Amino acid sequence: MRILITGGTGLVGKHLTHAFIERGDEVVVLTRKPSHSSKSVDYVHWNGKIIPEAVGNIDVVINLAGASIIDHPWTNAYKKIILESRLHATQACSHFINTSEYKPQLFISASAVGYYGTQNPQVVDESAPPGKDFLAQTCVKWEEAAKNASIRTVITRIGIVMDKTEGAFPRLLAPFKF
């Protein structure tokens with residue numbers, strides 16, 4: 001199977017890429033900082049807005065791209081980057097899928113549990129309404145953009161991903177070490 005991953009150099013993307021390679025799949029990773037391609041992984045440079053034709057035929061598109069929400073203060077300018085990075089990448093995936101001669105079989109697009117907002121004290125599931133805060137409204141727009149793809153689309157609302165070496169966990173652990 002030939003799998004295209006946007007955001008494949010991020011925490012989740014790296015682990016997925018490794019799992020697909022172990023399974024014997026061929027992976028194309030779209031990234032702003034391409035590294036050396038190998039027999040199983042082809043790193044392709046992109047601008048976050050247009051998927052290059054060079055990716056060729058793809059069976060599955062996985063969209064994980066988006067600016068980090070933990071690396072910068074949420075100024076108005078950075079909030080715009082958070083939103084636009086997700087919308088542009090998702091729109092690029094939908095456009096690629098809709099205009100491809102060889103249609104992928106599946107589109108998996110990330111979203112976040114932030115969809116539910118931070119003010120709801122109730123236990124929620126996927127039928128719960130979205131929150132009203134910035135991250136919730138970003139997720140709503142992000143998911144709407146994914147629904148424009150003309151193939152089976154799965155939206156995954158990902159929570160905080162813990163890894164002992166990168167992401168949120170080392171940051172959360174630091175105060176306890178002091």
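The residue pairs whose first member lies in segment 89-118 and is open to solvent by less than 10 Å² (accessible area, probe 1.4 Å), whose second member is among the acidic types (Asp, Glu) and in a helix (DSSP H, G or I), and whose beta carbons are closer than 7 Å, counting only pairs six or more residues apart or on different chains, are Ser111/Glu143. Select the strands (runs of 3 or more DSSP E) contained entirely in segment 1-69, then report the ones holding at least 3 residues which are buried (at least 17 other Cβ atoms within 10 Å of the Cβ) and charged (D, E, K, R). Counting at least 3 such residues, we get no strands (runs of 3 or more DSSP E) at all. When segment 138-170 is filtered for residues that are modelled with pLDDT under 90 and of a type in the set (D, E, K, R), the ones remaining, listed by number, are Asp163, Lys164, Glu166. Listed by first and then second residue, the pairs with beta-carbon distance under 6 Å, at least 6 apart or on different chains, first residue in segment 24-51 and closer than 22 Å to Ser68 by Cβ, second at pLDDT below 85, are Tyr43/Pro34; Tyr43/Ser35; Tyr43/Ser37; His45/Pro34.
Hey, among the residues in segment 130-146 that are in contact (Cβ under 8 Å) with a residue 12 or more places away in the chain and open to solvent by 80 Å² or more (accessible area, probe 1.4 Å), which one's nearest to Cys93 (Cα to Cα)? Full working, then the answer.
Filtering segment 130-146 down to residues in contact (Cβ under 8 Å) with a residue 12 or more places away in the chain leaves 130-136, 138-143, 145-146.
The next check asks that each one be open to solvent by 80 Å² or more (accessible area, probe 1.4 Å); those that pass are 132, 141.
Working: Lys132: 26, Lys141: 15 Å.
Result: Lys141.
The values are calculated or read from the model by the stated rules, or taken from the named source; none is laboratory data. Since we're looking at a predicted model, the values are computed, not measured. Here Cβ is always computed from backbone atoms with ideal geometry, including for glycine, and neighbour counts include all displayed protein chains. SASA here: full protein model, heavy atoms, side chains in, ligands and nucleic acids out. Shrake-Rupley method; radii C 1.70, N 1.55, O 1.52, S 1.80 Å.
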